[in-house]
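The block underneath contains the structure these notes are about, expressed in structure tokens.
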Amino acid sequence: MIVSETPLAQSFIIEPKVFGDSRGYFFESFNQNLFFQKTGVDINFIQDNEAYSNRGVLRGLHFQKKEHAQAKLVRVVTGKVLDVIVDLRKNSKTYGKTFSIILSGENKKQLFVPRGFAHGYVVLEDNTIFSYKCDNYYFPKSEGGIIYNDPTLNIDWMLDKNEILVSEKDKNLGKFL
């Protein structure tokens, strides 16, 4: 496994070692001991989630507040997304900064999103399956979000605005500042 820190403090790109042959492939998608050795992050994931979407679906930017904050390890099983994170930790040197990465079933890359970050993604291919682990349970009263087209963050979602499909709930999220 290759682990590299993103420009946002304590967020990591994970590239697993993939063993492939004429039958297909195998890789270890998560190993707690190896993850700790490579990142220094002691994590206990307690919930796995999966979402199926087609091209243009944008989910986010979401986060959980205070004691219900969640760290996530996100990946794409099949298809492709542009995954985006925003550092919301006011005491962080990267507060208000964003990072984006292409995650796909082909590249098998994963992104570790620490607690205190907003997270979202836009689907770039039909029939995409997005999977992620969380270290805390979802608590509806602690959810928060930032509108995907926030002018301060100015995120390039790589699709024309007419192609983007956003839920009614996500259309009503607030601005960053």
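Listing for the model above:
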{"quantity": "All aspartates and glutamates inside 16 Å of residue 141 as judged from Cα atoms, apart from same-chain residues fewer than 8 positions distant", "calculated": "67, 170"}
{"quantity": "Taking region 2-171 and dividing mean pair separation by its residue count, relative contact order in percent (alpha carbons under 8 Å, at least six apart)", "calculated": "31"}
{"quantity": "Percentage, to the nearest whole number, of Cα pairs in region 2-171 over 20 Å apart", "calculated": "52"}
{"quantity": "In Hz, Karplus ³J(HN,Hα) per residue of region 144-156 (6.51, -1.76, 1.60; θ = phi - 60°; x = Gly, Pro)", "calculated": "x, x, 10, 4, 4, 9, 4, x, 5, 6, 6, 6, 8"}
{"quantity": "Amide N of region 87-120 lying under 19 Å from the label point, which is placed 7 angstrom from the Cα of residue 51 along Cα→Cβ", "calculated": "87-88, 98-106, 108-120"}
{"quantity": "Residue order, fewest to most beta carbons within 10 Å, for 19, 35, 45, 63", "calculated": "19, 45, 35, 63"}
{"quantity": "Separation of alpha-carbon centers, region 159-177 and region 10-54, rounded to whole Å", "calculated": "29"}
{"quantity": "Bridge type composition, the chain - antiparallel percent by DSSP, nearest 5", "calculated": "95"}
{"quantity": "Added length on full extension, which subtracts the Cα-Cα distance from 0.36 nm per residue, residue 139 to residue 34", "calculated": "34.9 nm"}
{"quantity": "Amide H contacts under 5 Å for residue 12, placed H, 5+ residues apart", "calculated": "6, 112"}
{"quantity": "For the chain, built as a Gaussian network whose Cα springs stay under 10 Å, the top-fluctuating residue of 160, 126, 150", "calculated": "160"}
{"quantity": "Shape call, region 1-95: gyration tensor on alpha carbons, a/c limit 1.5", "calculated": "oblate"}
{"quantity": "Two-site FRET efficiency, residue 2 against residue 162, from Cβ-Cβ distance with R₀ of 35 Å, rounded to 0.05", "calculated": "0.40"}
{"quantity": "Restricting region 89-177 to chymotrypsin sites (Phe, Trp or Tyr not before Pro) in coil, as DSSP defines it, with at most 13 other Cβ within 10 Å", "calculated": "137, 138"}
{"quantity": "Sum of side-chain charges, residue 151 neighbourhood, beta-carbon under 14 Å (Lys, Arg +1; Asp, Glu -1)", "calculated": "0"}
{"quantity": "Order of 65, 90 under a 10 Å beta carbon neighbour criterion, fewest first", "calculated": "90, 65"}
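Bear in mind these aren't lab numbers, they're just calculated from the coordinates by the rules spelled out. Worth saying up front: this structure is predicted, and the values here are computed from it rather than measured. Note: ideal-geometry Cβ built from the backbone for every residue, glycine included; neighbour counts use all protein chains shown.
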